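A quick write-up on the structure given underneath.
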Amino acid sequence: RKEVEQDPGPFNVPEGATVAFNCTYSNSASQSFFWYRQDCRKEPKLLMSVYSSGNEDGRFTAQLNRASQYISLLIRDSKLSDSATYLCVVVNTGTASKLTFGTGTRLQVTL
Amino acid sequence: DAGVIQSPRHEVTEMGQEVTLRCKPISGHDYLFWYRQTMMRGLELLIYFNNNVPIDDSGMPEDRFSAKMPNASFSTLKIQPSEPRDSAVYFCASSPGVAGSPLHFGNGTRLTVT
């Protein structure tokens, strides 16, 4: 089983829609979680951290479910500019600087 | 801040040739990472350094790959000899090193081995 798993998509949604992605992780000792965004042919960039209590940044909401070992990203009122690949990232206890990336979920927002 | 700088941006080489990828991390960042990205396998961590010392190289595919960090401002990833299956985008990233601090990626080197 992969350490971090994501549905590759693509998710095709109209502008203004709400879309959610999930990401599952296998190591119950994982301690930190992030969402990164990667545009086509560009480098990944941090979108947001994921906190235990859930957190929001504008139209983006991230949640963590430790019992079921998954994190989620919700995007409200999708914009064309949200089209990108969203990468789930996990950091495990004992390897505090080693970030493990999922393969990403591709989102395409259309008119 | 110039960000993480990688060179070259693109590299096309023939099988069997030596390839050297270069990276300059953000000044003051104690950690440097080399990742490889392919469509099939996504982003894979190859090796990372802390204060110029290799900490974990378990992701290095085989002996053909080697990485060095001779000082805080420079690192290289070398493939010798290169093979077509090494074709990928290679990213260098750096971070301040506090647990969970974000990675800052360079633009990547797109390697094609024919």
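Filtering segment B:54-72 to residues that are closer than 29 Å to A:Cys88 by Cβ and open to solvent by 70 Å² or more (accessible area, probe 1.4 Å) leaves B:Pro54, B:Ile55, B:Asp57, B:Ser58.
Take B:Leu21 and tell me if it is modelled with pLDDT under 95 and either in a strand (DSSP E or B) or more than 14 Å from every other protein chain (Cβ to nearest Cβ) (or both). No; evaluated as a whole, the condition is false for this residue. The set of residues from segment A:1-26 being more than 15 Å from A:Leu87 (Cα to Cα), in contact with a Ser or Thr (Cβ under 6 Å, 6 or more places away or on another chain) and without any contact (Cβ under 8 Å) to a residue 60 or more places away in the chain comprises just one member, A:Arg1.
Considering every residue within segment B:27-44, establish whether at least one is away from chain A (no Cβ under 14 Å), open to solvent by less than 40 Å² (accessible area, probe 1.4 Å) and polar (S, T, N, Q). No, because not a single residue in segment B:27-44 is away from chain A (no Cβ under 14 Å), open to solvent by less than 40 Å² (accessible area, probe 1.4 Å) and polar (S, T, N, Q).
Of the set (1) at pLDDT 90 or above; (2) within 14 Å of chain A (Cβ to nearest Cβ), all apply to B:Ser66 but (2).
Quick grid of which residues meet (1) in a strand (DSSP E or B); (2) within 13 Å of chain B (Cβ to nearest Cβ); (3) open to solvent by 20 Å² or more (accessible area, probe 1.4 Å); (4) farther than 20 Å from B:Arg41 by Cα:
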site: A:Asn12; (1), (2), (3), (4): yes, no, yes, yes
site: A:Ala20; (1), (2), (3), (4): yes, no, yes, yes
site: A:Thr24; (1), (2), (3), (4): yes, no, yes, no
site: A:Phe34; (1), (2), (3), (4): yes, yes, no, no
site: A:Arg37; (1), (2), (3), (4): yes, yes, yes, no
site: A:Cys40; (1), (2), (3), (4): no, yes, yes, no
site: A:Ser52; (1), (2), (3), (4): no, yes, yes, yes
site: A:Asp77; (1), (2), (3), (4): no, no, yes, yes
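For A:Arg106, indicate whether it is within 14 Å of another protein chain (Cβ to nearest Cβ), basic (Lys, Arg) and farther than 22 Å from B:Val4 by Cα. Spelling it out, A:Arg106 is indeed within 14 Å of another protein chain (Cβ to nearest Cβ), basic (Lys, Arg) and farther than 22 Å from B:Val4 by Cα. The residues on offer are B:Ser75, B:Ser87, B:Ser82, B:Ser94, and the sole one that is under 24 Å from A:Glu3 (Cα atoms), buried (at least 20 other Cβ atoms within 10 Å of the Cβ) and touching a residue at least 12 places away in the same chain (Cβ under 8 Å) is B:Ser94.
The values are calculated or read from the model by the stated rules, or taken from the named source; none is laboratory data. As the structure is a computational prediction, the values presented were derived from the model and not from experiment. In this analysis, Cβ positions are derived from the backbone assuming ideal geometry, glycine residues included, and neighbour counts consider all displayed protein chains. These area figures cover heavy atoms from the full protein model, side chains too; ligands, DNA and RNA do not enter into them. Shrake-Rupley method; radii C 1.70, N 1.55, O 1.52, S 1.80 Å.
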